[in-house]
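Only one structure is covered here, and it is reproduced in the block below.
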Ligand SMILES: Cc1ncc(COP(=O)(O)O)c(C=O)c1O
């Protein structure tokens, strides 16, 4: 604390990201990164950008990337917003679209950045409990609200809400913005982007950090009605005109264009997940049904905090949340078959 701080800074409760250890050699299954590298074509395209060009500012609109995303999803570039990671895109959404009378609704067990943004932008919120099976119950969102946001698949549970249920939510709250945070959608879900032309209150966010293996590049996006996108552009252009650098614009665009590599690596992650689920179950774990690149699992006889600590001693890091309802679960990112085996060996 310092006398130079603006008054509201002292009350901020910032997000705590998962550990990025400085030690090499750890089997890192704690922050849902992709164990396979990004598209080699994307890497090559980025290398081509790293030269004399860097003396020039990048395209403030990231049009090359918007075009690639628009083509991939069959929408127009005016329906696409791009930013420095989906965290930044989400921040602009909270700032630009959720500051209304009434509470923002999101699940009680969900991405822990949401309450942090509410704190930053002075947004009131209400956390809607997941049911006993840790599923979102759409009926529970039929109440006055200033907006709805949830990850799909949810984080950290990995559970998927079917597209039909997403549509019910949209229909029940036609006068507020519904944001579907699809950070993990490519590992087993169906994107709600197919609904954006029918629902002007729908905004879908995605990231290149997971299925496109570019967490280190920081690129995220939103797709929705051009009026919603314009709100985000207004915020962005009042904050940072150039959120994406030259390498990020071209690398992310090529990652969208290289569909073969994307399909192949997603498939490998999904196959490994199915195998790991069965192996964890064989060890007595209860594993929630996952459509993401991680699983959420608990063992009836082992304390999750202790398990996480003992795994760490053996060089395997997973994520444990000290939070009501889920403090006996571990969130385990899907690694390569070798990484997953190291986890199983350590558990053994
Ligand atoms: C549900 C969810 N949304 C958004 C993000 C942010 O991703 P990024 O800022 O890397 O795009 C994450 C990251 O883990 C996440 O789990």
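A few remarks follow.
- The single condition among (1) under 24 Å from residue 286 (Cα atoms); (2) free of Cβ contacts under 8 Å to residues at least 60 places away in the same chain; (3) surrounded by fewer than 17 Cβ atoms within 10 Å (Cβ to Cβ); (4) within 20 Å of the chain's Cα centre (by Cα) that residue 154 does not meet is (3).
- Considering 70, 78, the condition of being in contact with a strand residue (DSSP E or B) (Cβ under 6 Å, 6 or more places away or on another chain), surrounded by fewer than 20 Cβ atoms within 10 Å (Cβ to Cβ) and either assigned to a loop (DSSP other than H, G, I, E, B) or assigned by TED's automatic domain parsing to the domain that holds residue 141 (or both) is satisfied by 70 alone.
- Residue 98 vs. criteria in contact with a helix residue (DSSP H, G or I) (Cβ under 7 Å, 6 or more places away or on another chain), under 30 Å from residue 131 (Cβ atoms) and within 16 Å of the ligand (Cβ to nearest atom): no
- Filter pass, residue 116 being closer than 22 Å to residue 219 by Cβ, outside the structural domain of residue 333 (by TED's automatic domain parsing), within 15 Å of the ligand (Cβ to nearest atom) and touching a strand residue (DSSP E or B) at 6+ places or on another chain (Cβ under 6 Å): no
- Summed over the range 286-301, residues that are surrounded by fewer than 17 Cβ atoms within 10 Å (Cβ to Cβ) and part of a loop (DSSP other than H, G, I, E, B) total 3.
- Yes/no for residue 22 being assigned to a loop (DSSP other than H, G, I, E, B), more than 16 Å from the ligand (Cβ to nearest atom) and either in the same structural domain as residue 312 (by TED's automatic domain parsing) or free of Cβ contacts under 8 Å to residues at least 24 places away in the same chain (or both): yes
- Some residue of the range 223-230 being assigned by TED's automatic domain parsing to the domain that holds residue 113, more than 16 Å from the ligand (Cβ to nearest atom), closer than 30 Å to residue 54 by Cβ and in contact with a strand residue (DSSP E or B) (Cβ under 6 Å, 6 or more places away or on another chain): yes
The values are calculated or read from the model by the stated rules, or taken from the named source; none is laboratory data. A quick note: this is a predicted structure, and the numbers were derived from the prediction, not measured. We place every Cβ from the backbone using ideal geometry, glycine too, and count neighbours over all the protein chains shown.
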